[in-house]
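The values are calculated or read from the model by the stated rules, or taken from the named source; none is laboratory data. This is a predicted model, so every value here is computed, not measured. Glycine gets a Cβ as well: all are built from the backbone with ideal geometry, and neighbour counts include every protein chain shown. Heavy atoms of the whole protein, side chains included, go into the accessibility calculation; ligands, DNA and RNA do not. Shrake-Rupley method; radii C 1.70, N 1.55, O 1.52, S 1.80 Å.
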Amino acid sequence: MSEHSYQSFLWAGVMLACCALPLTGCRTTDFNSPFGVAEDPPYLSPELRGYRGTTPNFGSPPSTGATIQSDKPVLSEPDLGTADIADADAEVIDEISPEPDLLTTTPDEPTDIDSGPRLRAPSLPEAGDRISPPPSSSQLLLEIQKPERVGLGGDVQYKITIRNDGTEPAEDVQVVCSFDRGLTFPSIPEQRLERSIGRVEAGETQTMTLVLFAEQQGRLCARFTLKSAGKEAAWKSVCTDVTQPNLSVQIIGPERRTVGSRAEYTIKIANSGDRPLRGVQTVLQYDDTLVPESATEGSVEDQDKNRLSWKLGDLPPGEGLQLQVELICEREAAAAAVKVDAFSADGERQRRQSKLAVTPLRGVLDLRIRDKDDLVRRDQMVNYEVDVHNRGFQDVAGVQVMLTPPKQIAVKEVTVTIDDQTLTLNHKMQDGKLVFEALDRLPADGRLRFSIRGQAVRTGDAKFQATVKSKLEIDAHSAEEWTTINQ
């Protein structure tokens, strides 16, 4: 091979490599997606991404001065003969040794170029030309909006927009979302959700919202795949940083009540961050077996939706507030839900939930307990009332009451009355309980009341419990009341 021919061959190879390079593994930017996020075009779906082309095996490099005998190409070409090949190899060795040529012919030998297809280098695209995917009658686009940052325990809300920019409708459209552990969807144990949309007309846009709960700190991602007729049309992966929340929420209330009694709840909202939280709002939603009796000032009731709401305004760093609501337990319920949703204009959001078992009255004795003071501070006095009502048609003998005060409250005085008449009942301390002697007889429709006066000696959430039993009833039953003691 002459030097001129060899250089021409090398330049042709360079042109072929340059032209082939943009055609493999090409990724284009979807200019319709937010922030210009790069994504795979539809024709590079996951079904094709696993494809691996055949890689030529060139073997190990030859030693210096050795000749290479290559197999004949599959292309149709004349048989050069054994003697011709040997002569060609000798000529190559003499001309460019020590580097052998992969070709087995020389320019001086006659070659029938019409006996097979002609290899030509494709022309390079002109400046400004773009490589485009194959034309399609329907063109589905997917956009995802998500929060950059949320607090632990808050919501990660995704706004999903689907648009058909094609000229024909897209059939059997489906959205599939898979998400990292640490993101959860209520009552779904898997990390995957699917939604069938059906037909999307040309030019049509559909928008939907998905809310996942952030239960783990870190950078958590969700992946969205848009399919049409079972094939991928668009795909995006978006991530959100889950950090320690600035907004904290607690709900404190009883676990059990009887039908007709009241359940009091305290909601604590605080800003644990270093910047103000703007436009804080709180919504309390309750089961339809519960009816609100009273609530902290400023509440707005929505009876149709069984909820109360407050607009609390801005909450400075390090500050908190408390809301209270008292609900009447109208009907029996195995687990009546009381939910709190607190959020701010800054995007902070926290949800909490409490379950309340509302049980029918057991036997003839109805036991109830309530505190009479709200927003108690340390060193202040706090008052409780414990009522035992005989709902039966006969007297009940051997009625005995035990009171279990919390460590945060020091009991100073207990007054016992029966139908508003003062009664003397001796008591003793036993394992932190005030155990009163049994009452000989509680008349039908009679009421035995214990009025407790104590002092708040420690801050915190304090549970005061009362228990009653009698000779008529085999099992004792209890009721508790929560009191929050502030600094």
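Among what's in the range 153-167 and is open to solvent by 30 Å² or more (accessible area, probe 1.4 Å) and touching a Ser or Thr at 6+ places or on another chain (Cβ under 7 Å), pick the residue that is nearest to Thr243 (Cα to Cα). Applying the filter and picking the extreme gives Gln157. No other residue among Ala438, Ala466, Ala397 is within 46 Å of the chain's Cα centre (by Cα) and not polar (S, T, N, Q) apart from Ala466.
Suppose the filter is hydroxyl-bearing (Ser, Thr, Tyr) and at pLDDT below 95; does Thr483 pass it? Full working, then the answer.
Numbers: hydroxyl-bearing (Ser, Thr, Tyr): yes; at pLDDT below 95: yes.
Taking the combined requirement at face value, the residue satisfies it.
Against the conditions (1) part of a strand (DSSP E or B); (2) of a type outside the set (Lys, Arg); (3) surrounded by fewer than 15 Cβ atoms within 10 Å (Cβ to Cβ), Phe393 satisfies every one except (1).
Quick one: Leu365 ticks every box in (1) among the aliphatic types (A, V, I, L, M); (2) open to solvent by 10 Å² or more (accessible area, probe 1.4 Å); (3) more than 19 Å from Leu321 (Cβ to Cβ) except a single one, so which number is it? If we test Leu365 against (1) among the aliphatic types (A, V, I, L, M); (2) open to solvent by 10 Å² or more (accessible area, probe 1.4 Å); (3) more than 19 Å from Leu321 (Cβ to Cβ), just (2) comes out false.
Return the residues of the range 453-473 that are within 30 Å of Asp440 (Cβ to Cβ) and acidic (Asp, Glu); say none if nothing qualifies. Explain how you work it out, then say what you get.
Step one: of the range 453-473, the residues within 30 Å of Asp440 (Cβ to Cβ) are 453-454, 464-473.
Correct list: Glu473 only.
I'm told Leu365 meets every condition in (1) hydrophobic (A, V, I, L, M, F, W, C); (2) touching a Cys at 6+ places or on another chain (Cβ under 9 Å); (3) farther than 30 Å from Val150 by Cβ except one. Can you identify the failing condition by its number? Leu365 satisfies every listed condition except (2). Every listed requirement among (1) in contact with a Leu (Cβ under 8 Å, 6 or more places away or on another chain); (2) closer than 20 Å to Gly151 by Cβ; (3) modelled with pLDDT under 95; (4) open to solvent by 50 Å² or more (accessible area, probe 1.4 Å) is met by Glu293 save one, (2).
Tally up the residues in the range 319-330 that are open to solvent by 70 Å² or more (accessible area, probe 1.4 Å) and over 18 Å from Ser294 (Cα atoms), please. Let's see the steps before the verdict.
Of all residues in the range 319-330, those open to solvent by 70 Å² or more (accessible area, probe 1.4 Å) come to 319, 330.
Among the residues that remain, those that are also over 18 Å from Ser294 (Cα atoms) are: 319.
Result for the range 319-330: 1.
Only one residue in Ala438, Ala444, Ala462 is among the hydrophobic types (A, V, I, L, M, F, W, C) and either buried (at least 18 other Cβ atoms within 10 Å of the Cβ) or at pLDDT below 90 (or both). Which one? On inspection, the qualifying residue turns out to be Ala462. Within the range 185-203, residues that are under 14 Å from Asp172 (Cα atoms) have Cβ atoms under 9 Å from residues that are of a type in the set (Lys, Arg) and modelled with pLDDT of 90 or more in these pairs: Val200/Arg163, counting only partners at least 6 apart in sequence or on another chain. The combined condition, being surrounded by 11 or more Cβ atoms within 10 Å (Cβ to Cβ), free of Cβ contacts under 8 Å to residues at least 40 places away in the same chain and in a strand (DSSP E or B), is not fulfilled by Leu403.
Within the group Lys412, Lys428, which residue is in a strand (DSSP E or B), more than 19 Å from Ala479 (Cα to Cα) and touching a Lys or Arg at 6+ places or on another chain (Cβ under 6 Å)?
On the way: Lys428 fails: touching a Lys or Arg at 6+ places or on another chain (Cβ under 6 Å).
Step by step, each of Lys412, Lys428 is checked, and only Lys412 is in a strand (DSSP E or B), more than 19 Å from Ala479 (Cα to Cα) and touching a Lys or Arg at 6+ places or on another chain (Cβ under 6 Å).
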